[in-house]
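Worksheet: the structure to be examined is printed underneath.
The values are calculated or read from the model by the stated rules, or taken from the named source; none is laboratory data. Nothing here was measured: the structure is a model prediction, and the numbers come from that model. A quick note on method: Cβ atoms are made from the backbone with ideal geometry, for glycine too, and the neighbour counts reach across all protein chains shown. Please note that ligands, DNA and RNA were not included when accessible areas were found on the heavy atoms of the full protein model with its side chains. Shrake-Rupley method; radii C 1.70, N 1.55, O 1.52, S 1.80 Å.
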Amino acid sequence: IVAMIGGVILFAWQLPDPQLTETLPGAASMTPAAAVGVIAAAVGLFCFTFRPIRPLARLIGFALIVLGLAVLSEDLFGFTLGIDQAFVRGGSLAAGAAQAGKLHVAPGITGSLILFGLALLYAKQGSILSAFSQILALFILAQVLIVLAGYAYGVASYYYPFPFT
């Protein structure tokens, strides 16, 4: 379900006009890079459930860490690596915003991608590392629940620099 949500949002960014984003205004708050990260996280978790393809899940976890750190460095240092431009078509809705540098992944989703990647890397690696992986998963769950509680009470978290404020 999470991969499908990320796919719908990535599809919405590929459209040449804002029809779907006007219908689903919350979809515009997730950038193409974040949507790809969410899809990768869902695929990584699915791969982790089967022992023979766990190395693929760990590889996806490492890619999530790299993606998260790259997006974080873009925001911290004020430059663009073209990550969002790589995931959109030239004539799409996101192309103009990505070229202008107006797309920024929320720090909460960036942190979640990094934490999720670390959790995938350390899961089932021994008792201490597995416990660390579970603690990371609890942090991710807490962040998601806080954001959902904010939405339930009408708090628009994309107006704040971090969802916990």
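Results for (1) within 14 Å of the chain's Cα centre (by Cα); (2) surrounded by fewer than 20 Cβ atoms within 10 Å (Cβ to Cβ); (3) charged (D, E, K, R); (4) modelled with pLDDT of 90 or more, shown as yes or no for each residue.
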site: 28; (1), (2), (3), (4): yes, yes, no, no
site: 43; (1), (2), (3), (4): yes, yes, no, yes
site: 76; (1), (2), (3), (4): no, yes, no, no
site: 86; (1), (2), (3), (4): no, yes, no, no
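Could you please give the count of residues in region 102-129 that are modelled with pLDDT of 85 or more and in a loop (DSSP other than H, G, I, E, B)?
1
From the residues in region 1-26 that are part of a helix (DSSP H, G or I) and open to solvent by 90 Å² or more (accessible area, probe 1.4 Å), which one is modelled with the lowest pLDDT?
Ranking the candidates gives 25 first.
For region 130-156, give me the residue count where each residue is assigned to a helix (DSSP H, G or I) and closer than 20 Å to residue 35 by Cβ.
Number of matching residues: 6.
Using the structure shown, decide if residue 132 is among the hydrophobic types (A, V, I, L, M, F, W, C) and at pLDDT below 85.
Here the answer is no, as residue 132 does not meet what is asked.
Run residue 99 past the list (1) open to solvent by less than 40 Å² (accessible area, probe 1.4 Å); (2) at pLDDT below 70 and report the number of the one that doesn't hold.
For residue 99, the exception is condition (1).
Only one residue in 33, 57 is touching a Cys at 6+ places or on another chain (Cβ under 9 Å) and surrounded by 18 or more Cβ atoms within 10 Å (Cβ to Cβ), so which one is that?
57
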